[in-house]
Amino acid sequence: QVQLVESGGGLVQPGGSLRLSCAVSRNIFIFYTMGWYRQAPGKQRELVASITPSGSTNYADSVKGRFTISRDNAKVYLEMNSLKSEDTAVYYCNTDPVVSNQYWGQGTQVTVSS
């Protein structure tokens, strides 16, 4: 069974940094573009960053210049710097585009607050 397990979230002050990790249970994901998504309370889930198997990246305008996505054969990472209160959300990883809703994990909570 395919599983994606996110970790690394927490409480951080505005301007701080966090590094999220997504552990991938099967190396089939080396063939997929992987993305980090987030969902804030009362809002729809949105894609914030994605990375192709060859390492090409794309970012939402709201995080460009502050977030960096990377990957190896076992994990996908999201380095988040200069965090703002509006970055507060539950963060998830999945394929981009989403090929199965069964792949959604529990996510990891990021709270940016002083």
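Overview of results
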| read-out | value |
| --- | --- |
| Among (1) under 18 Å from Ser100 (Cα atoms); (2) modelled with pLDDT of 95 or more; (3) surrounded by 14 or more Cβ atoms within 10 Å (Cβ to Cβ) - the single one Gln44 does not satisfy | (3) |
| Residue satisfying all of: in the stretch 6-24; farther than 14 Å from Gln106 by Cβ and part of a loop (DSSP other than H, G, I, E, B); most open to solvent (accessible area, probe 1.4 Å) among these | Gln13 |
| Single condition Ser82 does not satisfy, out of (1) in contact with a Lys or Arg (Cβ under 9 Å, 6 or more places away or on another chain); (2) among the small types (Gly, Ala, Ser); (3) closer than 25 Å to Phe29 by Cβ | (3) |
| Breaking point among (1) crowded, with 17+ Cβ neighbours inside 10 Å; (2) touching a residue at least 60 places away in the same chain (Cβ under 8 Å); (3) assigned to a loop (DSSP other than H, G, I, E, B), for Val63 | (2) |
| Residue among Ala23, Ala40 that alone is within 20 Å of Leu83 (Cβ to Cβ), touching a strand residue (DSSP E or B) at 6+ places or on another chain (Cβ under 9 Å) and in contact (Cβ under 8 Å) with a residue 24 or more places away in the chain | Ala40 |
| Selection from the stretch 57-101 of residues that are within 23 Å of Gly42 (Cβ to Cβ) and among the β-branched types (Val, Ile, Thr) | Val63, Thr88, Val90, Val98 |
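The values are calculated or read from the model by the stated rules, or taken from the named source; none is laboratory data. Since we're looking at a predicted model, the values are computed, not measured. Note that we place each Cβ from the backbone using ideal geometry, even for glycine, and neighbour counts take in every protein chain shown. What goes into the accessible areas is simple: the full protein's heavy atoms, side chains included, and nothing from ligands, DNA or RNA. Shrake-Rupley method; radii C 1.70, N 1.55, O 1.52, S 1.80 Å.
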